[in-house]
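A short reminder: the numbers here are calculations on the coordinates, not readings from a lab. Quick caveat, the model's predicted, so the values are computed rather than measured. Cβ atoms come from the backbone with ideal geometry, glycine included; neighbour counts cover every protein chain shown.
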Protein chains: 2
Amino acid sequence: MRLCTIGVDVGGTNIKLGLVASSGRIIAKTNLVTKTYDHHPRHLIDALVAAIRALIQENGKTTKDIAGIGIGLPGLVDVSKGNVIFMPNVPGWKNIPLRKIIQSKLKLPVFIDNDVNLVALGEWKLGAGKGYKNLVCITLGTGVGGGLVLNGELYRGEGFVAGEIGHIPLNEQGPACNCGGMGCFERYVGNRILMDKAAGIFGKENIRPQDVFALANRGNALAVRFWRETATHIGNALVGVINLLNPRLVIIGGGIANNYKFMEKTIQKVIRRRAMKVQKNMVRIVRARLGDEAGILGAHILVKESILGRY
Amino acid sequence: MRLCTIGVDVGGTNIKLGLVASSGRIIAKTNLVTKTYDHHPRHLIDALVAAIRALIQENGKTTKDIAGIGIGLPGLVDVSKGNVIFMPNVPGWKNIPLRKIIQSKLKLPVFIDNDVNLVALGEWKLGAGKGYKNLVCITLGTGVGGGLVLNGELYRGEGFVAGEIGHIPLNEQGPACNCGGMGCFERYVGNRILMDKAAGIFGKENIRPQDVFALANRGNALAVRFWRETATHIGNALVGVINLLNPRLVIIGGGIANNYKFMEKTIQKVIRRRAMKVQKNMVRIVRARLGDEAGILGAHILVKESILGRY
């Protein structure tokens, strides 16, 4: 009986791989540094295949113990064909039939999806969203992403790009965003934007969100205010999403969510004040539970559910 | 064989009833004036029952020819229980078990839903959205409503109130909205807002959107600009919805859509400029096709699909 899966979470910086038991327990993990392999997609694919083989063998398994491989990627993925159409932060990836290539090398079923979709899938089935039918998962990092579980299904949209919460405009005349839009939510709370803002407020270069978090922790009023303003933008964006989608749960994840403590009250207050009555009375806002492992676990769920025929 | 349904579209002003053939052809229609019956829910219910009976008999049918009755209502509906929880513009309606009451009086299956959901359902199955799997239907009137078809299903949300496109904020510091929010989309393009704005521009009271439409038709520059500004707000709201939901189609309906001619170019331009690449390249924006009959036809579809077990 094939009990395990391999979950892979490809990021712009690191690639995380996990050998996952059927229960969702991670048996072993390993890492690759993305940059090392970014000369050509072939290099990254070869490294992935080698790392997967090693993960299986070093843990006393064979491919017979593995139900399949799930891979999350930071970009545009054609889930049904198994192709990576484009990755903005990894050079050279355009229309790569990743599923087919890895399947033929490892002789195992492979399933691929967008990384944020897999975070949502992981949190839904194994994390903060267990048992819910309608939820929104938002990841706050360099980019602001989102995954939607609606009517008890992951909703990917017509072209697999639904969930772009970071590119809902917060202000019609707001600052220009890389995506071509104006006043996008990400333009107010993305990591780089927050670093620039912090540099201005605290008068030092390269001050990171976690530094402002540490300052806030020591009671620095400017730092507390910095997080309150950030939380107000997050709350305002969520008001639109909550009014539109009437979810039962909003899960907040990503690096910035480590500062949730300084934002929680404000986010809740904005939603209580501004969202519609029925919607706000039934929605819960919680922090993600799976942390760094959400991508691996979501990839594990993708394999399980794909093989069970749910996706 | 029961071929027909009765579709009922309850509005704040009028109630439209239709006898609908299985094909979706409306065989006969009738109307009630809502206000006449607003002293007590019982009066409206009795009038509805009488009108339904008359519609059946006057067209040479008996209840044996009727598969069921579908009713759309402008308010909060518990679709699964068949209860009207609240109607903001019809006094006295609070927690009324409408389905049960009408079923017991007419001995026919009854299904009820929110009116905008039924407009979306009608347009999806019989109108502009035929054959689509992911679409957003927006109704521009006194209020701005929306219905969502996602993954080939009507998406109603956890508490049956999803689709409130009118209450997505367009500006964080925008004008206060009745819903408690700030800068809601409806606050820029709702009928009353547009009338106030037109009164200011043209210096007369009670100038209606259709009057400004007539002026624009005669080439009045202020009127053309009025519609261009309205269209810009519509486009900006749609950018957020399109980025988030990645639909294949957006259907624009409601009274204001009669002025679509003066808004189409601007709406398209805003979306081309501001929406994300993959999303905007696959989305079509079209005008609703069913006009006044969308609610009746949506109610007809609700009956058909409910009896077939799809909802």
task: Place the label 7 angstrom along Cα→C-beta at A:T62 and in each other copy, then list the distances from the first to the rest in nm, shortest first.
output: 7.3
- prompt: Placing a label point 7 Å from Cα toward Cβ, how far apart in nm is A:N258 from its equivalents in the other copies, listed shortest first to one decimal?
  reply: 5.9
- line: With the label set 7 Å along Cα→Cβ, B:L3 is separated from its counterparts in the other copies, in nm and shortest first, by 6.2
message: Under 5 Å between amide hydrogens, which residues at least 5 positions from B:I27 or on another chain qualify, with H placed 1.01 Å from N in the peptide plane?
response: B:L19, B:V20, B:A21
- prompt: If you count the DSSP beta bridges with both ends in region A:129-288, what percent of them are antiparallel, to the nearest 5?
  reply: 55 percent
- prompt: Taking Cα atoms of chain A, Rg/Rh with Kirkwood Rh, to two decimals?
  reply: 0.98
task: Assign one of three labels to region B:210-311, namely rounded, prolate or oblate, based on the Cα gyration tensor with a ≥ b ≥ c the square roots of its eigenvalues; rounded applies when a/c is under 1.5, prolate when it is not and a/b is larger than b/c, and oblate otherwise.
output: oblate
Two-site FRET efficiency, B:K130 against B:V49, from Cβ-Cβ distance with R₀ of 35 Å, rounded to 0.05: 0.60
query: Looking at the protein assembly as shown, what % of its DSSP beta bridges pair antiparallel, to the nearest 5?
result: 60 percent
task: Please give the per residue volume of the convex hull enclosing the alpha carbon atoms of region A:129-288, rounded to a whole number of Å³.
output: 116 Å³
message: Output wanted: per-residue J couplings in Hz (rounded whole) for region A:208-224, from phi through Karplus 6.51 cos²θ - 1.76 cosθ + 1.60, θ = phi - 60°, x for Gly and Pro.
response: 9, x, 5, 5, 5, 4, 4, 4, 4, 4, 8, x, 4, 5, 5, 5, 4
message: What does the C-alpha gyration tensor say about the overall shape of region A:10-140? Classify as rounded when a/c is under 1.5, otherwise prolate if a/b is larger than b/c, or oblate.
response: oblate
statement: As a percent rounded to 5, the proportion of antiparallel DSSP bridges among beta bridges in chain A is 60 percent
field: Cα coordinate range in region A:73-206, projected on the principal axes (Å, largest first)
entry: 55, 39, 27
field: Prolate/oblate/rounded call for region A:12-54, Cα gyration tensor, a/c under 1.5 rounded
entry: prolate
Sites B:I201 and A:Q57, calculated FRET efficiency, Cβ-Cβ separation with R0 51 Å, nearest 0.05: 0.10
task: Evaluate E = 1/(1 + (r/R0)^6) for A:D292 and B:D292, where r is the Cβ-Cβ distance and R0 equals 56 Å; express this FRET efficiency to the nearest 0.05.
output: 0.55
Distance histogram in 20 Å bins (all Cα pairs of the protein assembly as shown, percent per bin): 19, 47, 28, 5, 0
task: Under 25 Å Cα to Cα from B:K100, which lysines show up? Leave out anything in the same chain fewer than 8 places away.
output: B:K16, B:K29, B:K35, B:K61, B:K64, B:K81, B:K304
- request: For region B:75-84, take each phi angle, set θ = phi - 60°, evaluate the Karplus expression 6.51 cos²θ - 1.76 cosθ + 1.60, and give the result in whole Hz per residue in order, putting x for glycine and proline.
  value: x, 8, 10, 8, 5, 6, 7, x, 9, 8
message: Taking the number of other C-beta atoms within 10 Å as the exposure measure, put A:V84, B:V224 in order starting with the fewest.
response: B:V224, A:V84
